[in-house]
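Comments concern the structure below.
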Amino acid sequence: MTFSLNVRQAVEASGLTRSHLYEAMKLGDLPARKAGRRTIIMAEDLRRYIEKLPSAKEA
């Protein structure tokens, strides 16, 4: 089973800000879907996005 998150849940799960997530979606780095007015992020897509972020040593 695949799990989805709304933006608030994705913020809580990732520790990233709402603005950061929306910017990543806008740039196409974080896939998102729309269900009416609701923005849905698949948990697996969020995991992949976080894994692609640079390590603390690189930043």
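Relative to the longest principal axis of the Cα atoms of the chain, the long axis of helix 43-52 lies at roughly 20 degrees. Under a 5 Å amide H cut-off, with hydrogens placed 1.01 Å from N, Ser4 pairs with Ala43 among residues at least 5 apart or on other chains. Per residue, the chain exposes 77 Å² of accessible surface when a 1.4 Å probe is rolled over the protein heavy atoms with every protein chain present.
Provide the gained length on full extension for the span Lys34 to Ser19, in nm with one decimal, where the gain is 0.36 nm per separating residue minus the Cα-Cα distance.
3.7 nm
Share of pairwise Cα-Cα distances greater than 16 Å in the chain is 39 percent (whole percent). Compared with the dominant Cα axis of the chain, that is its longest principal axis, helix 18-27 is turned about 90°. Heavy-atom accessible surface of Asp29, to the nearest 10 Å², is about 90 Å², with a 1.4 Å probe and all protein chains retained.
Once fully extended, how much extra length lies between Leu27 and Glu44, figured as 0.36 nm per residue of separation less the alpha-carbon to alpha-carbon distance?
Gain in length upon complete extension: 4.3 nm.
The values are calculated or read from the model by the stated rules, or taken from the named source; none is laboratory data. Just so it is clear, the model here is predicted, and its values are computed rather than measured. Heads up: the accessible areas ignore ligands, DNA and RNA and are worked out on the full protein's heavy atoms, side chains in. Shrake-Rupley method; radii C 1.70, N 1.55, O 1.52, S 1.80 Å.
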